[in-house]
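The values are calculated or read from the model by the stated rules, or taken from the named source; none is laboratory data. The structure presented is a predicted model; accordingly, all values stated were derived computationally and were not measured. Glycine also receives a Cβ, built like all others from the backbone with ideal geometry; neighbour counts cover every protein chain displayed. Ligands, DNA and RNA are stripped out before the accessible areas are found, and what is left, the full protein with its side chains, is counted by its heavy atoms. Shrake-Rupley method; radii C 1.70, N 1.55, O 1.52, S 1.80 Å.
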Amino acid sequence: MSAAAPAFTPLEQVSAALSTQGYALLAPADVAALAGTPLAQLEALAPTWDELELDNYLKDGGRYRRRRHSCFVQEGDVLAQTAHRAHWQPVEYNALHGGMHRMFAPVRPATIEQPGWQGLLTALGRVCSAVRGVRTWYVEAHQFRIDTADGIGRPTPEGAHRDGVDYVAVLLVGRHGIKGGETRVFEADGPNGKRFTMTEPWTLLLLDDAAVIHESTPIQPLGEHGYRDTLVLTYRAGAFQGEQ
């Protein structure tokens, strides 16, 4: 595995990178361009991460993760929110928390209504269709805050994993007073991997879930307290997990 500073993918090469290496890493300015929105509209979403609810499903007994979760269906450029539903994954993809119907607090309507949110989710759906062909995309949106109240926070307590979807988008919303949180991307069926740390808010890692496995390392506080905020979006054709 090689370690280096993040090597960003040019915006015009995102589809090709997903097809050939299984992932693309976009700089914040290109994420805003992709979403068709000023970067300030994405940054305006960040305060909503102060309103997340405690994740009570962690099997390690930790209290380091807060989140909200909502689901959408995208057809073309039309994004429609579904009735609130539980998040479910099979144990084959999440050995720690798979097989559980986890009902989290929904993303707040005021968040979903912001143009930055709408532009970002629909733009990523268009990228998925550009690579895989036009599909109806079943989208799950997860707002995460991993904090260091317990001394250490684990962004991926399940370890290196796949999500059981077609594509996964991981967006860094912010890092505050922490060290760690290194991103690692491995070939699913090969020896190669990359590792890097996303530090700029609204950096985007886009993954082909069949081609690569991913994880983020634990975080520790630099001072009294710290946290790491991310937005994780998954895109799956056909149905939500657990519906077929």
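Below is a table of values for the structure above.
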item: Tabulated pairs, the range 148-173, first within 17 Å of E187 (Cα to Cα), second basic (K, R) and outside any loop (DSSP other than H, G, I, E, B), C-beta under 9 angstrom, 6+ apart or interchain; result: A160/R184; D163/R236; G164/R236; V165/R236; D166/R132; D166/R236; Y167/R132; Y167/R236
item: Some residue of the range 159-174 being of a type in the set (D, E, K, R) and over 24 Å from R135 (Cα atoms); result: no
item: Search result, residues across the range 34-48 that are assigned to a helix (DSSP H, G or I) and either crowded, with 16+ Cβ neighbours inside 10 Å or in contact with a strand residue (DSSP E or B) (Cβ under 9 Å, 6 or more places away or on another chain) (or both); result: L34, A35, L39, Q41, L42, E43, A46, T48
item: Every pair of residues 6+ apart whose Cβ atoms lie under 8 Å, when the first sits in the range 125-144 and is over 20 Å from T156 (Cα atoms) while the second is open to solvent by 50 Å² or more (accessible area, probe 1.4 Å) and among the basic types (K, R); result: C128/R135; S129/R135
item: Some residue of the range 204-225 being surrounded by 20 or more Cβ atoms within 10 Å (Cβ to Cβ), modelled with pLDDT of 95 or more and at positive phi; result: no
item: Single residue of the range 1-12 satisfying the filter (at pLDDT 95 or above and of a type outside the set (S, T, N, Q)) that is surrounded by the fewest Cβ atoms within 10 Å (Cβ to Cβ); result: E12
item: Matching residues in the range 61-86 - criterion: being in contact with a helix residue (DSSP H, G or I) (Cβ under 9 Å, 6 or more places away or on another chain), open to solvent by 10 Å² or more (accessible area, probe 1.4 Å) and not acidic (D, E); result: R66, R68, G76, V78, L79, Q81
item: First in the range 64-85 and without any contact (Cβ under 8 Å) to a residue 40 or more places away in the chain, second anywhere and outside any strand (DSSP E or B) and surrounded by 13 or more Cβ atoms within 10 Å (Cβ to Cβ), Cβ under 6 Å, 6 or more apart; result: H84/P106
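Okay, residues lined up against (1) more than 23 Å from H87 (Cβ to Cβ); (2) at pLDDT 95 or above; (3) open to solvent by 30 Å² or more (accessible area, probe 1.4 Å):
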{"position": "V14", "(1), (2), (3)": "yes, yes, no"}
{"position": "A27", "(1), (2), (3)": "yes, yes, no"}
{"position": "D50", "(1), (2), (3)": "no, yes, yes"}
{"position": "D55", "(1), (2), (3)": "no, no, no"}
{"position": "K59", "(1), (2), (3)": "no, no, yes"}
